[in-house]
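The structure appears below as C-alpha cells.
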Amino acid sequence: MVSATFSQTFRLASRACGNSLRASQRQYSSNKAVPAHGEYRFRTSIERGRQQYTKRNMVTAAGLCATVMGVYFYSLYAVKQEDYTDIPMPAVLTEEEKAEFNKPKERKTIASY
C-alpha cells in the first residue's frame, strides 16, 4: 500500500471539493520529485544546477579511466619485457627423487613422542 504525503492528500482533497490550487502551489507541485515509471527523478531546479557540472564530470571521469588503464597496461608491458634468465632454475627431479617426494609421510601420534 502506498501512503500519500500531506501535499498529495491536500491536492486530492482540494480537487474533490472543487477548489483549485493557487499559482504558488501549482509551481511547487511541478518542481516536486514525482515517480516516473516507478523511479524518482530530481526536481527541475536540481537538474538545472547539475547541468553545468556534467561536462566537467565527464572529462574528469575520462581522465581517471585513462590513468587507471595506462597504469594497468604499462605494468603488463613491463612484466612482458622482464628477462628471467638470470634466475637459476632447479634441476629436473629423477624418478627416485619423485618417488621419495610423493611417498606418504608417517603420522606421529602423541604416544610416539
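The values are calculated or read from the model by the stated rules, or taken from the named source; none is laboratory data. Computed from a predicted structure; not experimentally measured.
What is the one condition in (1) assigned to a helix (DSSP H, G or I); (2) of a type outside the set (A, V, I, L, M); (3) modelled with pLDDT of 85 or more that PRO88 does not satisfy?
Here PRO88 clears every test but (1).
Does GLU82 satisfy the criteria of being among the charged types (D, E, K, R) and at pLDDT below 85? If you could, list the steps in order and put the result at the bottom.
On the way: among the charged types (D, E, K, R): yes; at pLDDT below 85: yes.
Yes: the conditions hold for GLU82.
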